[in-house]
Structure formats: C-alpha cells, structure tokens
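A quick write-up on the structure given underneath.
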Amino acid sequence: MSLKSKDLVSIRGLDASDIGLILETAAGFKDVLGRDIKKVPALRGKTTVNLFYEPSTRTRTSFELAAKRLSTDVVNFSVSTSSVVKGESLRDTALTIQALGADIIIVRHSCSGVAHFLADNLGASVVNAGDGTNEHPTQALLDLFTIQERKEAIKGLRVAIVGDILHSRVAKSNMYALTTMGAKVRLIGPPTLVPEALEELGVEIFSDMDKGLRDVDIVMMLRIQMERQGKGFFPTTVEYFRNWGLTPERLSRAKKDALVMHPGPMNRGVEIASDVADGHNSVILDQVTNGLAVRMAVLYLLAGVKG
Ligand code: CP
C-alpha cells in the first residue's frame with residue numbers, strides 16, 4: 001500500500017482513490033492512537049526532518065508526534081539558529097539535511113512553490129506543510145477525515161469556506177480535495193478576498209454570508225492572514241466581523257447539525273465568535289486530534305513508495 005509519488009506537495013496531484021487510501025490508513029492509525037501503547041515500529045530506521053521557515057503550533061507538533069509514533073528518528077530544524085541566518089540557500093540547506101540521512105523532509109515556507117522545488121531537487125520524500133498562499137495538503141486531508149468521521153459520506157455535502165480565500169493555502173487545498181470527493185463548495189467573503197476566477201473550479205461564490213450559509217452541512221472558517229495582506233482588503237476588523245464573522249445567529253442559517261471547522265490559529269472576535277468556536281457544532285479540536293492520525297498515514301504511505 002503506497003501513494004504514486006514519493007512526495008506530497010499538493011492535493012491537485014491526488015485522485016479520489018489516493019485520498020480514500022490516506023483516509024482509510026488514517027482510520028487505522030486513529031485506532032492505534034487510542035491504545036495504551038500508541039507507538040508502532042512501522043518506520044523504524046527512517047529519519048524525518050521538520051524544516052519550518054514559518055511559525056507553526058499544530059502542523060509542526062503533529063508531524064513530530066506522527067513521526068515518533070511511527071518510530072522514526074525526528075529532527076526539528078531550527079531556522080533561527082541555523083546557517084540560514086548566514087545566508088545559506090534553501091536548496092543547500094535541504095541538500096545538507098539529506099546528506100545527513102533524512103528520508104522525509106517536511107517543509108513550511110512563506111514562498112509558494114517551495115515544496116515542488118525541493119521535491120524536484122531531492123531524492124528524499126518531501127511533504128508540504130504549507131507553502132505561501134499555495135497549498136496545505138495535510139490540513140485538507142485532516143479536514144476531510146474529520147468531516148467523514150461525523151457525516152460518513154463527503155459526496156453531496158454542501159461546504160461553505162468563509163473568509164480570506166485569496167491568501168489561504170488551506171482554502172485552496174480544501175477546494176481541490178472537497179470537489180474531488182464530490183462535495184459542493186461555496187466560497188464566502190468580501191469580494192476583495194474571493195477571486196472570481198475560482199468559479200472555474202466549479203465552486204459558487206457569495207459575498208452575502210447569510211445567503212451563502214443557507215442549508216450548508218459544513219462551515220469552514222478561515223483565519224484572516226494579516227501577515228500576507230500588503231494592503232487593506234477591508235476597512236476594520238470590527239467591520240469584517242459584522243459582515244463575515246460567524247456568530248450563533250449567522251450559524252442558524254446553516255443546517256441544525258452543521259459542523260463548524262477552523263484550521264487554527266483562530267482570531268476570536270474577528271472571523272469567529274467564541275460562543276461558536278467553543279459551541280456544540282464545533283469540531284475544531286477534533287481537527288487537531290485527527291491531524292496526528294492523518295499525518296501518520298501520509299508519512300507511512302510515502303515511505304512505501306519506491307524512489
Ligand atoms: N492549521 C495550521 O497550519 O496551524 P499551525 O500554523 O499552528 O501549524
């Protein structure tokens with residue numbers, strides 16, 4: 001059992017059977033994580049390196065734990081105390097890590113395309129942990145896993161992705177993953193943050209949140225990505241919350257049993273009210289928990305690919 005490529009750099013490179021295999025494998029690892037002994041010897045002897053050029057809590061920690069639960073050796077590369085600060089290039093840094101014996105390199109970077117670049121330049125497997133505004137494939141996979149756990153079938157579900165679509169790698173990976181699995185995707189947000197060209201991917205676009213949320217099964221909120229916004233895309237965060245923030249009243253437009261999701265970290269009171277983030281429709285912490293099983297599945301399946 002393995003994937004077709006040695007790397008996971010984007011959801012676009014996966015078909016429905018690849019995604020199905022990852023979700024099925026993750027379900028097996030979720031069972032393992034429920035046992036007293038949560039570790040398996042599956043990847044003993046392999047070495048995994050976390051190469052994060054941008055901050056992370058969930059992704060970095062869960063990849064580290066996933067690698068440890070699979071019995072690989074793990075190195076967390078610290079960019080700020082490395083020779084990167086002396087000007088060493090990304091390619092030289094990655095080649096150096098590979099020369100030290102890394103089998104799998106997990107990379108996060110502010111530039112779109114970095115994971116593709118490393119995958120083309122390395123014999124080691126490369127996993128994209130988020131590249132600029134491009135993709136965050138394991139986030140979309142854990143989101144699908146969480147949806148499938150609660151709703152069983154993804155096909156036919158109405159999913160609203162709300163907020164800063166323009167700068168969101170999570171939104172792009174989810175759009176590809178959800179449409180591949182047969183969900184109907186709506187994008188909701190200010191016109192400045194929702195490119196009309198995305199309609200070509202078969203999604204519907206709404207600027208009116210009350211209309212966009214009507215009868216949806218899933219409400220996936222996005223973080224406003226202040227660090228990627230060079231200019232003002234909306235007047236103030238207060239105004240943003242008034243128009244596109246998820247409140248209990250707004251959530252009532254969706255189906256009664258709609259799931260509320262957010263990849264984290266959240267800006268409470270900007271894109272989501274605390275009542276909703278912590279409310280009974282929220283599966284935000286389930287997403288975090290499921291990230292571990294899904295990342296174990298990805299590492300396990302990539303390790304099975306013959307180079
Ligand atoms: N969802 C996500 O990528 O979170 P982190 O930035 O904390 O890894």
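The values are calculated or read from the model by the stated rules, or taken from the named source; none is laboratory data. The shown structure was predicted, so the numbers you read here are calculated from the model rather than taken from an experiment. All Cβ positions, glycine included, derive from the backbone under ideal geometry; neighbour counts span all protein chains shown. These area figures cover heavy atoms from the full protein model, side chains too; ligands, DNA and RNA do not enter into them. Shrake-Rupley method; radii C 1.70, N 1.55, O 1.52, S 1.80 Å.
Output the strands (runs of 3 or more DSSP E) that fall wholly within the stretch 43-109 and possess 2 or more residues being open to solvent by less than 30 Å² (accessible area, probe 1.4 Å), or say none.
Numbers: elements: 47-52, 73-78, 104-109.
The strands (runs of 3 or more DSSP E) meeting that bar are 47-52, 104-109.
Picking from Ile11, Ile19, Ile37, which residue would you name as being away from the ligand (no atom under 16 Å from the Cβ) and buried (at least 19 other Cβ atoms within 10 Å of the Cβ)? Working first, answer last.
Numbers: Ile11 fails: away from the ligand (no atom under 16 Å from the Cβ); Ile37 fails: buried (at least 19 other Cβ atoms within 10 Å of the Cβ).
On inspection, the qualifying residue turns out to be Ile19.
Name the one entry in Val159, Val127 that is modelled with pLDDT of 95 or more and within 14 Å of the ligand (Cβ to nearest atom).
Working: Val159 fails: within 14 Å of the ligand (Cβ to nearest atom).
On inspection, the qualifying residue turns out to be Val127.
Limited to the stretch 152-168, what total is found for residues that are under 16 Å from the mean Cα position of the chain (by Cα), part of a loop (DSSP other than H, G, I, E, B) and β-branched (Val, Ile, Thr)?
1
Which condition breaks for Gly232 when tested against (1) open to solvent by 30 Å² or more (accessible area, probe 1.4 Å); (2) among the small types (Gly, Ala, Ser); (3) assigned to a helix (DSSP H, G or I)?
Tallying (1) open to solvent by 30 Å² or more (accessible area, probe 1.4 Å); (2) among the small types (Gly, Ala, Ser); (3) assigned to a helix (DSSP H, G or I), Gly232 fails exactly one: (3).
Restricting attention to the stretch 194-216, which residues are in a loop (DSSP other than H, G, I, E, B) and either open to solvent by 80 Å² or more (accessible area, probe 1.4 Å) or within 21 Å of Gly182 (Cβ to Cβ) (or both)?
To start, the set of residues in the stretch 194-216 that are in a loop (DSSP other than H, G, I, E, B) comprises 194-195, 202-203, 207-208, 213-216.
Scanning the stretch 194-216 gives Gly202, Val203, Leu213, Arg214, Asp215, Val216.
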